[in-house]
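To start, the structure itself, in structure tokens.
The values are calculated or read from the model by the stated rules, or taken from the named source; none is laboratory data. Every value quoted in this text rests on a predicted model; they were computed, and no experiment measured them. Positions of Cβ are generated from backbone atoms using ideal geometry, with glycine treated the same way; all protein chains shown enter the neighbour counts.
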Amino acid sequence: MEKIGSAGNYGKKVRSDCKATLQLTKSGGLDIQLISKVEDYFGKHIISLAKEELKFFGIKNAKLKLEDRGALDFVITARIEAAIKQIVETNKEFLLPIIDQNTDQTSKQRYRRSRLYLPGNTPKLALNAGIHKPDGIILDLEDSVAISKKKEAAILVRNALRNVNFYGAERMVRINQLPLGLKDLDLIVPHNVNLILVPKCEHAKQIETVNNRIKELNNQERNIWLMPIIESALGVINSYEIASSRNVVALAIGLEDYTADINTQRTDDGRESFFARSQIVNSARAAGIQPIDSVFSDVNDMQALKDNVKISKSLGFHGMGCIHPRQILVIHQGFAPTSEEIEKAKAIVDAYNEAKEKGEGVVSLGSKMIDPPVVKRALQTLKMSGGNK
Amino acid sequence: MKKADKFVKNAAGRMVPTIINGEQVIPFKGINKYKPAHKGSAPRVPTCIEYPRDGNKIVKNLKQALKQAGLKDGMTISTHHHYRNGDYVSNMVFDIAAELGIKDLRWLPSASFPCHAPIIEHLKSGVVHHIEGSMNGPLGNFCSHGKMKGLGYLRSHGGRYRAISDGEVHIDVAVIAASAADMTGNANGVLGKHPFGPISFSKTDVKNADKTIVVTDSLVDFPCYPWEIMGNDVDYVVTIDEIGDPEKIVSGTTKITKSPDRLLIAERCAKFVEAAGILKDGINFQAGAGGTSLAFVHFIKDMMLEKCIKARSMVGGSTKFLVDMMEEGLTDYIFDGQTFGLEAISSLRDNPKHIPIGIFDIYDFHAKGNMAQMMDVIVLGSTEVDVNFNANCVTHSDGRMLHGIGGFQNCLLAKCTILAVPSFRDRIPVIKDEVTTLVAPGELVDVIVTERGIAINPKRKDLIEATKNSGLPIKDINEIKEEVDQICGIPAKPKLSDEAVAVVEWIDGTILDTIRKVEDS
């Protein structure tokens, strides 16, 4: 019997996804069966898209069943591609034209107060993630994706990086733990990812491995930043070395795994992780990068989140992860610049404007010279303070 | 007899029939361009000597009552929907009618729900000829496929009240489910085993029907007070084991949505209301049930607390959430035509500031003032909107009729009407070039709030001016549409035949649009 390839999800509760089931046949051409709730509107379009894709992969005879729950083109094509790659050896990639909004690069200094986790294999959550205005979105390939779904998730994430408008959020991907994560890079790096999260990082060597692989793949020489996640006792000990590695712009801590590693439980007041969190802040600040706190997992308790953010900011963190869009505003407000920070930023920007008017190349404030990144940061501070009342 | 005949183009540019189920109707002439005449329905006027001296009108069962009421072929039966998806009584009525071999009835519910799916069998067998009233779910689907013998006729809550009072629809037998009643027919919905709230929808039914039957599962000694339904309007009283399942009244209506996108939309509605200067002391607004509406009220509540603002009144369907707000001093009054949940029902019964309100007073086109007009803001949902701010709430984009009008059209008279909608559902854009079915003329829709931006009707220069520096994402509606079309692609037009299956009436009694048969795919 011929092999069957199958990818994606279908079911009553599934939305914006589709399941593709492919079986190669000896003859009879392409037989495409579509079951879709949007068939009346997009049925013809979906079938012609599927045909185009099968032809692209050189498949002339096959039975393809598409069970669709209102998936967009980038999802449908990802599911078909994943199904094909289960039964056909190929390195080709079926790509839709990249949208203009997803070609930007990000700066090292940009704000990363909130980064919203999105399960990499659940397209529904990605579609509107950007409208909630997180500083970054994380398309996750690690813990939120089942082992058997890793491959199809990576293809879907690749397509999302190209075709979903995240409305200015930094496009981040959390790859799998190394060495599996290196394979994820093949799919992700050439498609305008801004930042890669490296989970369960324990040694600077791992970051070097990731950097090297990125360099091989990154032929456009775009900025691809790294955010290692420290999730173990050893990682905490080595955190400065990791933080000082090339392209690392932020250092995050993952407390679920860390507390398990030191053989304790997470508590509300977080006493058990005080050392680790402080160490992360210290290492990151010493290396001149952003320390990022762990996620707060009770999405219904906004007051507890608020309290948590307060502690986090007082420890010196720059931001934290979130797992629900409603957490974003609370986090932004919590990490918002203080009035002192705002005053200072204003002074810097004023000095910059004055220098520009006078045509002076060097900006100074009092006796201090001000570098362009400092001005940029000050502008950002003002922007952030204005936008989150 | 043709279901619908002699089509003309009405003032909204829609092709509508001028003859429906054999009767002459008037096409839509424009907003406030037509004043319906009040002909009066001339119910049979009896005398007290025809009724028992002791006031005891109890008959042994519903079948007996229907027989004594003289039920026969071609009559019109009305019921109310205060039990929503938990109603038992309507199904019983038509099961009995079938047993009695009666045909061609017209059912005039104030709304029908998925629990009324068994009536499809009676539509097939000819016991029921057609339904005039909102059809939610399976009955709407049945009608959409052209299987109903007569033409469906959708009216708003206010429109139904008007049509009955004006004598346009004559009720032969009104069957009123009441959670408590006495032997003479005094009845209410707030006492008894299974209370549901006010019986506002039925007040015109009992005044204009030839015969009225009160059905209850909690018979109390005379007098049953409060007596929203007066025994003097009632012919027969029937007791049965259970009139409905109160659990199913509230399903899906009393919980704040958890969807982050819908919360964002609700939050934007609240911020818009604040930015436009509408949220101020003494505000009167509609704060209905349902996920997004409730979320809107939730955000408004936070703003009220922050700015020390108190409302003068809020209009339900109220829930525990509204009652809590009144108890916290955030509003002086709650008005209710429907009530959801036991806490809200107790409040309605026990708190004189929680006022049951008749459909006439709040919604009827004949009311000398009409309270909906006095509302500062009302937030509504829709299935579709279009670039001219027209809206649809009865059919989906595929043309299938799955919802009723409810108070939707009546609420459009408010000072500021906001439609809160996602810009697309699954892959289907909600913002169209033209709505599939016209229910809300764009003239009366002020603001459309989506997760991708807020569009203000160009007619509302005052709102545009008031919110221009608010920092809210206010956009041209075409801009939002374009963005959505880029995400979803442009959908093909649904396959609809020319055959009419139902019409949408405007609040003044004219015909606003025609709902077409959906082709089986």
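Of all the criteria given as (1) assigned by TED's automatic domain parsing to the domain that holds residue A:269; (2) on the phi > 0 side of the Ramachandran plot, the one not satisfied by residue A:359 is (1). Restricting attention to region A:133-165 and to residues that are surrounded by 24 or more Cβ atoms within 10 Å (Cβ to Cβ) and within 14 Å of another protein chain (Cβ to nearest Cβ), the residue that is farthest from residue B:268 (Cα to Cα) turns out to be A:159.
Which condition number in (1) more than 14 Å from chain B (Cβ to nearest Cβ); (2) in contact (Cβ under 8 Å) with a residue 24 or more places away in the chain is the one that residue A:91 fails? Only one criterion is unmet by residue A:91, namely (2). Looking only at residues in region B:430-453 that are crowded, with 24+ Cβ neighbours inside 10 Å and not in a loop (DSSP other than H, G, I, E, B), the one that is nearest to the other protein chains (Cβ to nearest Cβ) is B:450. Taking strands (runs of 3 or more DSSP E) as the structural unit, those lying wholly within region B:1-94 and holding at least 2 residues that are among the basic types (Lys, Arg) and over 24 Å from the mean Cα position of the chain (by Cα) correspond to B:4-9. Considering region A:332-358, and only residues there that are hydrophobic (A, V, I, L, M, F, W, C) and closer than 20 Å to residue A:284 by Cα, the residue that is farthest from the chain's Cα centre (by Cα) turns out to be A:336. For region B:454-478, a residue qualifies if it is away from every other protein chain (no Cβ under 14 Å) and either of a type in the set (A, V, I, L, M) or not in a loop (DSSP other than H, G, I, E, B) (or both), and the qualifying residues are B:455, B:456, B:461, B:462, B:463, B:464, B:465, B:466, B:474, B:477, B:478.
The numbered conditions (1) surrounded by 21 or more Cβ atoms within 10 Å (Cβ to Cβ); (2) at pLDDT 95 or above are all true for residue A:308 except (2).
Residue selection: residue A:373 fails the criterion of being in contact (Cβ under 8 Å) with a residue 60 or more places away in the chain and surrounded by 19 or more Cβ atoms within 10 Å (Cβ to Cβ).
Evaluating residue A:294 against the criteria (1) of a type in the set (S, T, N, Q); (2) touching a residue at least 40 places away in the same chain (Cβ under 8 Å); (3) closer than 16 Å to residue A:243 by Cα leaves one unmet condition, (3). Looking across region A:16-54 at every residue that is of a type in the set (Asp, Glu) and over 29 Å from the mean Cα position of the chain (by Cα), the one that is nearest to the other protein chains (Cβ to nearest Cβ) is identified as A:40. At least 1 residues being among the charged types (D, E, K, R) and crowded, with 20+ Cβ neighbours inside 10 Å is the threshold, and among the strands (runs of 3 or more DSSP E) wholly inside region A:1-94 those reaching it are A:18-24, A:62-68. Put simply, of B:190, B:238, B:220 the only residue that is touching a residue at least 40 places away in the same chain (Cβ under 8 Å), closer than 14 Å to residue B:89 by Cβ and of a type outside the set (Phe, Trp, Tyr) is B:238. Can you pull out every residue in region B:254-306 that is away from chain A (no Cβ under 14 Å), among the small types (Gly, Ala, Ser) and part of a loop (DSSP other than H, G, I, E, B)? Correct list: B:276, B:277, B:282, B:287, B:288, B:289, B:290. Mind checking which pairs have a first residue in region B:482-501 that is closer than 29 Å to residue B:154 by Cβ and within 8 Å of another protein chain (Cβ to nearest Cβ) and a second that is hydroxyl-bearing (Ser, Thr, Tyr) and part of a helix (DSSP H, G or I), Cβ under 8 Å, 6 or more apart or different chains? Qualifying pairs under 8 Å: B:491/A:41; B:492/A:41; B:494/A:41. The set of residues in region B:106-165 being charged (D, E, K, R) and either at pLDDT below 95 or under 16 Å from the mean Cα position of the chain (by Cα) (or both) consists of B:132, B:147, B:149, B:155, B:160, B:162.
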